[in-house]
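Before any comments, here is the structure.
All of the numbers you see were taken from the coordinates with simple rules; none came from a lab. None of the values given here were measured: they were computed from a predicted structure. Positions of Cβ are backbone-derived with ideal geometry, glycine not excepted, and every protein chain shown enters the neighbour counts.
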C-alpha cells in the first residue's frame, strides 16, 4: 500500500528506520521501507548497510552522487506500492500514529504534507543559527500551511499517489543543494494537483554548525537562481519564495549592485553576528539577499553537485 522512500546522504538512519518498523508492524496494509544511499562516506555506508537485513527494508547504494532530485525519482521507480511517502534522512518520528495518520489519508487526497518541527533551543551556540532559521522562518503552523498550500510544500515529509508522481517528477536538471521542493510544489500547482496539509510532523534533527549552515545557504541561493531559470523566470514561481519576491523588486529598482557592495563591506560583522552567541535573523535575511544579488550578477551554471 505505501512505499516509504528515504534518500540517504551522510546520515545514520537506523533510529528513523527502527521507529518506522515499530509502526509498520501494527498496520493492516503492506508497507516497504526503501533506503537509497547517494554516495555517502564509508562510515555511514557501513552503518546503514546493516539495515538491509532487517524487516520491511530494501537497502541499496548508488555508485556516485546523483543529487537530491534524481535520487527521489529513482526511489519512486523502485517502489512497489501505489502511495509514496518521502522522508528526509535527518529526521525523527515523534508521533506513535505517524503512519496511521498517513494511511487514513489514502484514497482521499493526492498529495498530503505532514509538516515538520524543530526541537528545543540548543545549548551549543554553534547550532543556534540553524535552529533559529528553521524554527522561525522555515517551520509553519498548520493553519498557515493550509492557507498557502503550495508555498509551504517541503519534500521532507509528504505522501503522493504514485500515478501522479509518474507524471510530475522531480526536475533532474536541478542537482545542487536546495529548492527541489519549491520547484516540485510549483510543478504541482501548474498541473492543478491539490496539496492537503495535516498535523503529522517529523522532527528535524540534523542541526548544523553555523559556518557549515551558511555555506549550504549560499549553495541554496545558487540553486534558487537555477530553479528560477528552469521555470523561465515565471513570476508565479517568484511569488512562492519571499527572498525571490524581494530580489525581483530590488532588481526592478536597479538596487542589486549597491546592495551587493554594501553587503560585501558589512560581510565580516554580519558573519561575526551570525556565527556568534546571539545571531539576528534580520542580519541573516540581509546576508542572504546580498549574496543572492551578488550571485545573480554572475549567473550559476547548471548544478552538478549535491
Practice item. Evaluate Rg over Rh across the stretch 211-297, taking Cα atoms for both radii and Kirkwood's formula for Rh. Key: 0.98
**Study point:** the stretch 191-258: radius of gyration and largest Cα-Cα distance (Dmax), Å
**Key:** 15.9, 44
Review point. In whole Å, what three semi-axes, largest first, describe the equivalent ellipsoid of the stretch 2-208 built from its Cα gyration tensor (square root of 5 times each eigenvalue)?
Key: 22, 22, 18
Point to revise | Extension gain (nm, one decimal) between residue 246 and residue 173, 0.36 nm per residue minus Cα-Cα | key: 23.8 nm
Point to revise | Between helix 180-190 and the chain: long-axis angle, C-alpha atoms, 0 to 90°, nearest 10 | key: 80 degrees
Practice item. Above 19 angstrom, tally the Cα pairs of the stretch 4-95 and express them as a % of all pairs, no decimals. Key: 34 percent
Point to revise | For the stretch 79-101 and the stretch 133-150, distance of Cα centres in Å | key: 19 Å
Review point. What's the extension gain from residue 107 to residue 208 if we count 0.36 nm per residue and subtract their Cα-Cα distance?
Key: 32.6 nm
Review point. If you bin every alpha carbon distance in the stretch 132-184 into 10 Å steps from zero, what whole percent lands in each bin?
Key: 20, 49, 28, 3
**Study point:** Residue among 116, 211, 196 with the largest mean-square fluctuation in a Gaussian network model of the chain, springs linking Cα atoms under 10 Å
**Key:** 211
Practice item. In Å³ and rounded to a whole number, note down the convex hull volume per residue for the Cα atoms of the stretch 67-181. Key: 130 Å³
Exercise for review: Tally the DSSP beta bridges in the chain and give the antiparallel ones as a percent, rounded to 5.
Suggested key: 35 percent
Practice item. Please report the relative contact order for the chain, taking Cα pairs under 8 Å with a sequence separation of at least 6, and give it as a percent rounded to a whole number. Key: 20 percent
Check your understanding: In nm, to one decimal, how far is the modelled label at residue 142 from the one at residue 164, with both set 7 Å along Cα→Cβ?
Key -> 1.9 nm
Revision key, fill the gap. Compactness check, the stretch 144-212: C-alpha Rg relative to the 2.2 N^0.38 Å globular estimate gives 1.23
Practice item. Find how much the distance from residue 29 to residue 43 grows on full extension, using 0.36 nm per residue of separation minus their present alpha carbon separation; answer in nm with one decimal. Key: 1.6 nm
**Study point:** Per-residue [θ]222 nm for the chain (sum of -39500 (n - 2.57) over DSSP H runs n ≥ 4, rounded to 500)
**Key:** -12500 deg cm²/dmol
**Study point:** Tilt relative to the chain, helix 256-265 - C-alpha long axis, 0 to 90 degrees, to 10
**Key:** 90 degrees
